[in-house]
1. How do 132-140, 652-660 rank on mean C-beta neighbours within 10 Å, highest first?
2. Once each part is reduced to its C-alpha centroid, what is the distance from segment 587-623 to segment 404-433 in angstrom?
3. Using the structure shown, select from K120/K595; K539/K619; K98/K619; K591/K619; K213/K487; K80/K536 the pairs with a Cα to Cα distance greater than 28 angstrom.
4. Taking all protein chains as present, what is the carbon and sulfur share of the accessible area of the chain, in % to the nearest whole number, probe 1.4 Å?
5. Compute the long axis of helix 2-15 from its Cα atoms, compare it with the longest principal axis of the Cα atoms of the chain, and write down the angle in degrees, 0 to 90, nearest 10.
6. Taking a point 7 angstrom from the Cα of N347 along the C-beta vector, which residues in segment 213-244 have backbone N less than 18 Å away?
7. Between V47 and R572, what is 0.36 nm times their sequence separation minus the Cα-Cα distance? Round to one decimal in nm.
8. Students often check this: by mean Cβ neighbours within 10 Å, which of 360-370, 251-261 ranks highest, and how do the rest follow?
Amino acid sequence: MRLLLVCASLLPLFAQDPPKPAAEEKPVAEQTPAPAKEAAAPAGDRVISGSVDLGYRFVSGPAGNFDAYRTVVNLGEGPKVLNFDLTLVNPSSKWYDKITLFGTGWGGDPNEMTRLDASKQRLYDFHFDYRNIAYYNFLPSFANPLIDRNNFATQRGYDMRRRNIEAELRFRPGARITPYVAYSRNWGDGRGVSTFALDASNEYPVFNGLYDKTDRYRAGVNFEFTKFHVTLEQGGTTYKDDENLSTSDRNTGSRPTPFLGQQLFLTGLRQAYRVRGNSIFERAVATYTPWSWIDIAAAFLYSRPRSDVQYSQFNTGNFVNLSTFQFFTSQTQSATADSSQPHSSGNINLEIRPLRRVRVFESWMTDRYHTASSLTLSNLTIVTPQALSTLSADRLAINYNRQQAQVNIDLFRWLTVRAGHRYVWGDAVLRAPTENGGGVNRGELSQQVGLFGAQARFGQKLWINGDAEIASSDRQYFRTSLGDYRKGTLRARYQLINSFGLTGEFSALTNEDPNPNIRFDLASYMTSVGFVWNPKSGKRITILGDYTRSTFSSDLLYYMPQDLTPATSSYRERAHTGTALVDIASPVGAKYAPKLSIGGSFFTSEGSRPTSFYSPIVKLNLPVHERVQVFSEWRYYGLSETFYSYEGFRSHIFVAGLRLIR
């Protein structure tokens with residue numbers, strides 16, 4: 001009822017025409033006919049337009065697992081500002097030429113957004129963006145070793161809000177020299193569940209409080225000339241991260257059975273991380289066209305981040321030291337650490353056109369950083385009553401490089417072929433702390449990739465594009481990195497008639513790792529087709545749809561942390577995904593013709609984790625005035641899993657509201 005009263009109060013504002021400026025009256029003797037050109041001029045330069053969607057959402061249920069619903073959908077009930085936009089144009093104003101404001105999802109939705117743009121020709125451009133995102137993840141089957149005992153409480157979950165602000169102001173846009181300043185902030189807070197673990201003997205899920213914030217300031221200048229463009233930027237970043245783990249209840253953790261005849265448990269915990277960091281950075285970007293047949297682009301970035309960490313922990317209960325197999329009832333730890341990481345990266349790109357039908361691309365990039373850190377740790381337990389302080393220092397240095405060359409040749413006006421080569425190489429050095437035996441661990445990266453592609457254009461009807469990569473690797477950084485892989489993509493678009501078009505895509509990726517200690521094998525295939533039919537430019541009906549068939553399989557060798565015995569992690573999935581939507585306008589050409597939309601999407605899969613997800617939708621839009629529309633929407637969300645049936649849910653969501661148009 002309150003929403004209807006608010007809409008009713010706003011209706012006159014949107015229904016009336018913009019007020020016209022009153023003309024100044026003159027005596028009859030002074031009223032002279034104006035020239036025809038002046039008589040046709042508008043009474044004012046200011047133009048205001050916009051719309052707002054005000055609605056109320058009703059949520060039925062959800063039936064089933066509420067945590068799974070919030071993890072996947074997370075739409076709430078109540079009054080909402082679903083969408084709004086406002087445009088103000090006034091070229092005669094000395095402060096602005098155009099201001100636009102738009103946003104979506106206000107009223108507690110999981111993704112709220114607002115953007116403001118303002119500009120004055122040859123004076124300034126201003127952009128402001130705000131986003132508020134709700135992140136909720138409490139799937140019962142994730143990180144839950146007690147699921148076989150019908151314990152549906154995950155040991156790793158998050159309920160957070162992340163917010164982001166970005167603002168940028170540019171002076172003298174369009175001029176040869178354009179200074180600018182910018183500021184951004186990203187911060188998040190909330191709560192969650194995490195695990196407290198002293199060693200491999202047990203893990204205890206506990207409450208986790210989270211907060212982090214990053215502020216970035218930057219300023220720079222753009223130089224725009226005929227043959228070259230340069231951007232120089234200087235900036236800085238400050239960062240903080242606070243995390244608190246706590247509990248005051250008896251917690252037996254992931255091991256409900258006794259260990260060496262005694263039950264392990266946690267009765268109290270206060271654990272806190274305090275991280276503070278800052279960084280300054282410099283960035284330079286340049287493009288240069290010395291002649292019409294060559295383009296050169298280069299970029300360089302250098303940063304010097306530094307962080308300081310404070311850690312404290314106090315826990316009580318019954319624990320065991322796996323080195324001595326002694327039990328103890330309390331522990332106190334504190335630590336301070338600091339680290340610095342000078343980081344530089346750069347790239348150079350060239351495009352050369354030696355012949356009319358030949359283009360040569362050459363690029364090179366490098367990314368280099370090293371981390372130097374130190375740690376002081378104090379540990380006190382009832383088994384070791386004296387405090388043990390350890391000073392450790394380690395160093396990590398990583399160098400990454402990539403070079404790529406490619407040639408594009410227009411064999412015919414309708415056919416372009418591509419061929420190239422990419423070489424990726426690097427090295428990493430890790431110096432271990434002295435108390436861990438010292439020494440140096442080294443890693444290397446080396447990969448050769450062949451690049452192939454072609455594009456065919458048959459008039460305005462048919463377009464086909466294909467790309468392929470064939471890679472060979474003999475050294476890698478990570479166990480899950482792609483080694484000897486084959487990758488290909490084929491896309492096509494066919495315009496059968498003006499009102500009917502088809503699209504298709506096929507992609508494949510296979511990977512093999514011959515290392516007997518890794519054996520990472522992967523295969524992924526995807527085929528999709530889609531169409532759009534809009535006779536008479538969609539005046540009466542528009543139908544669109546797409547369907548995707550995908551398969552995925554992977555096998556990876558890993559080692560059990562309890563006894564380091566080898567095991568294989570395998571995953572299989574065969575999935576079908578589809579979307580369809582039909583927009584129907586009233587066949588009667590009335591002034592206020594209604595519009596109906598019917599459609600939805602689905603996902604079904606078989607294999608390691610069979611899942612089905614359905615979401616049909618029906619929308620109705622009914623204009624009741626040239627400035628007022630009534631709309632309604634029904635949507636269904638349904639999730640079911642064969643092996644994890646307790647995570648299924650079903651929910652009907654209804655939305656009704658008004659669209660007010662200015």
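The values are calculated or read from the model by the stated rules, or taken from the named source; none is laboratory data. From a predicted model like this one, the values you see are computed outputs, not experimental measurements. Cβ atoms come from the backbone with ideal geometry, glycine included; neighbour counts cover every protein chain shown. To get the accessible areas, we keep the full protein, side chains included, count just its heavy atoms, and leave off ligands, DNA and RNA. Shrake-Rupley method; radii C 1.70, N 1.55, O 1.52, S 1.80 Å.
1. 652-660, 132-140
2. The two parts, judged by their Cα centres, are 43 Å apart.
3. Too far apart for the 28 Å limit: K120/K595; K98/K619; K213/K487; K80/K536.
4. Ligands and nucleic acids excluded, carbon and sulfur give 59 percent.
5. Approximately 40 degrees, to the nearest 10.
6. Zone members listed by number: 229-233.
7. Stretched out fully, the V47 to R572 stretch lengthens by 183.2 nm.
8. Put in order of decreasing packing, that is 360-370, 251-261.
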